[in-house]
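The values are calculated or read from the model by the stated rules, or taken from the named source; none is laboratory data. The structure displayed is predicted, hence computed values, not measured ones. Because the Cβ atoms are built from the backbone with ideal geometry, glycine has one as well, and the counts that use them run over all protein chains shown. Just so you know, the surface numbers come from the protein's heavy atoms only, side chains and all, with ligands and any DNA or RNA stripped out. Shrake-Rupley method; radii C 1.70, N 1.55, O 1.52, S 1.80 Å.
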Amino acid sequence: MLLQFSVENYLSFKDTAVLSLIPAADKEHLDNITDQADYKGLNTVAIYGANASGKSNLFKAITVSLNMIRNSANTQVDQLLPIVPFKLDDESKGKPTSFEYQFVASDGKKYIYGFSAFPDRIVEEYLYCYNTNRPTKIFDRIEKEPYTFSRTTKKELEPIVRFTTKNRLFISSATLMNAESTRSAYEWLSMGIDTFMNVSQIQDRAASYYMRDYDNNSRANIEFTKDLFKAADVSISDIEYSYRKIEDFSPDAPHITINNETLLPALELRQEIKTEHLVTDEDGNSKKYTLSLQEESLGTTMLFLYGPFLKETLDNGKVLFIDEIDRSLHPFVVSYLISLFSSNRNNGAQLIFTTHDTSQLSLERFRRDQIYFTEKNPDSGVSDLYSLGDFEKPVRKDENIQKKYLQGRYGAIPYVHAEDLL
């Protein structure tokens, strides 16, 4: 369970930005809170903001930091790290970029893990575990200073220091060397969060799950997706999925394009996806008709792609970040997808998403601490991240927050100068 993520000096986030999923101490929408061990976390967070305000940059920060952790063991000695500091002032270019995660791992313990880096090296890294109400150091690393450990982890971890180059993360090196003290935290960071920034990433993940089921003669993901179609009032009675490997890729092969991204089939695999429709004529006679997925709407295609990793996230209590969850989907369908994370179907999972769909903005659905905004200062280019619960004057529970957001009361909206286009 994710409790908090923070980033500093990355892309448009010059100052520290904190995304907190720790619920405030109020009794609103308790079904929007999930429990793990002795900790509580929000099960959904919606992030609003104008174009280029920082929403996607926040997701990039999470994606990049996780990829650095997951790929660190394969980092070559002279390989540069994907660090991009804030570039619109001279001071920030000379400062490191920092990331920090607070989370509850599968062992039921709370961990704090963070690191700071320049493109050529790690300058700080630390891991703490809450065995009690107070944090216990597992390791701490500061550039040009000796690593420090707790009394119980020093014997296990100190010998691994010499295997960690300046551009590798120690948590990855230690876990690769079978260190038990870093394993739970590393496994959660490497497998407990999925982030999706574009349709191609969603397609790749969906294809891998559907293919795995096909190879195992399973229809688990197909049946879940069918339920999504039924809930979304999509008139598809069944789905047939198969694939075969192809020797070469023909540019004339059937494909789907969403938001100018070419999808299906993959370069080395030809997927065949058929949807079945049960049509009843005016005399009450029913007949089945089959279409290819390419002939379905873009919204239907997105639901087909969302299905497998929504199922995996809900079943396994993972954390899912989706940028622009509402792409090609009706607001009612988006509302349904969000509601899954507050239902009995959820096994401790969390959903964090960006959207421009203001119909979701309601205190009848969300708590105030579940609604975040990103806003970029037009003069400095600096992005800010804040929640509806952060306002000095509390937002009333009966306020029409959709209306007030569109009026600019909470910031994070574009100021369109239409006269410049006329």
**Complete:** From most to least accessible, 1.4 Å probe, no ligand or DNA/RNA atoms counted, H356, H277 line up as H356, H277
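Can you give me the relative contact order of the chain as a percent, contacts being Cα pairs under 8 Å and 6 or more apart?
On the way: 762 pairs, mean separation 83.1, N = 422.
RCO, the chain: 20 percent.
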**Prompt:** Amide H of I236: which non-local residues (sequence gap of 5 or more, or other chain) have their own amide H closer than 5 Å, using H built in the peptide plane?
**Reply:** none
**Item:** Between 0 and 90°, nearest 10: helix 298-316 axis offset from the chain longest Cα axis
**Value:** 50
**Item:** Separation of alpha-carbon centers, the stretch 126-149 and the stretch 175-229, rounded to whole Å
**Value:** 30
**Request:** Round to the nearest 10 and report in Å² the accessible area of I160, as given by a 1.4 Å probe over the protein chains' heavy atoms.
**Result:** 10
**Prompt:** In Å², what does the accessible area per residue of the chain work out to with a 1.4 Å probe?
**Reply:** 50
**Item:** Principal-axis tilt of helix 180-191 within the chain, Cα atoms, nearest 10 degrees
**Value:** 30
**Prompt:** Taking every DSSP beta bridge that has both residues in the stretch 268-371, what percent is antiparallel when rounded to the nearest 5?
**Reply:** 65
**Prompt:** Using θ = phi - 60° and the Karplus curve 6.51 cos²θ - 1.76 cosθ + 1.60, what whole-Hz ³J(HN,Hα) does each residue of the stretch 129-140 get, with Gly and Pro shown as x?
**Reply:** 10, 9, 6, 10, 7, 10, x, 10, 5, 9, 7, 9
**Asked** What are the ³J(HN,Hα) values, in whole Hz, obtained from phi via the Karplus relation 6.51 cos²θ - 1.76 cosθ + 1.60 with θ = phi - 60°, for each residue of the stretch 376-383 in sequence order, with x given for Gly and Pro?
**Response** 10, 5, x, 7, 9, x, 8, 8
**Fill in**
With DSSP loop assignment and no more than 15 other C-beta atoms within 10 Å, the trypsin sites (Lys or Arg not before Pro) in the stretch 121-151 are K144, R151
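Are there trypsin sites (Lys or Arg not before Pro) in the stretch 356-397 that DSSP marks as loop and that have at most 14 other Cβ atoms within 10 Å, and which are they? Working shown, then result.
Details: sites: R365, R367, R368, K376, R396, K397; in loops: R365, R367, R396, K397.
Passing sites in the stretch 356-397 are R396, K397.
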**Message:** How big is the dipole moment of the chain about its Cα centre under a simple scheme where the beta carbon of each Lys and Arg is +1, that of each Asp and Glu is -1, and everything else is neutral? Debye, nearest 20, please.
**Reply:** 1440
**Message:** Under 19 Å between alpha carbons, and skipping anything fewer than 8 positions from K230 in its own chain: which lysines qualify?
**Reply:** K274, K287, K288, K311
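Which links in K14/K60; K40/K110; K40/K154; K14/K137 stretch past 22 Å when you go from one Cα to the other? Spell out each step's value before the answer.
Working: K14/K60 14 Å; K40/K110 11 Å; K40/K154 31 Å; K14/K137 28 Å.
Pairs exceeding the cut-off: K40/K154; K14/K137.
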**Prompt:** Please identify the trypsin sites (Lys or Arg not before Pro) of the stretch 9-43 that satisfy two criteria: DSSP loop assignment and at most 15 other Cβ atoms within 10 Å. Which are they?
**Reply:** K27
**Prompt:** Can you give me the Cα centroid spacing of the stretch 305-358 and the stretch 95-125 in angstrom?
**Reply:** 26
**Fill in**
Taking Lys and Arg as +1 and Asp and Glu as -1, residues besides W188 with C-beta under 12 Å from its C-beta add up to +3
**Complete:** Taking placed amide H atoms and a strict 5 Å upper bound, the residues 5 or more places from T136 or on another chain that come that close are C129, Y130, N131
**Fill in**
Within the under-11-Å Cβ sphere about D26, not counting D26, Lys/Arg +1 and Asp/Glu -1 give a net charge of +2
**Summed side-chain charge close to V84 - residues other than V84 whose Cβ falls under 11 Å, Lys, Arg +1, Asp, Glu -1** = +3
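Report, to the nearest whole %, how much of the accessible area of the stretch 159-211 belongs to carbon and sulfur atoms, 1.4 Å probe, protein only.
Values: 1080 of 2060 Å².
Carbon and sulfur atoms account for 52 percent of the accessible area of the stretch 159-211.
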**Request:** Go through D26, D323 and list them by solvent-accessible area, largest first, probe radius 1.4 Å.
**Result:** D26, D323
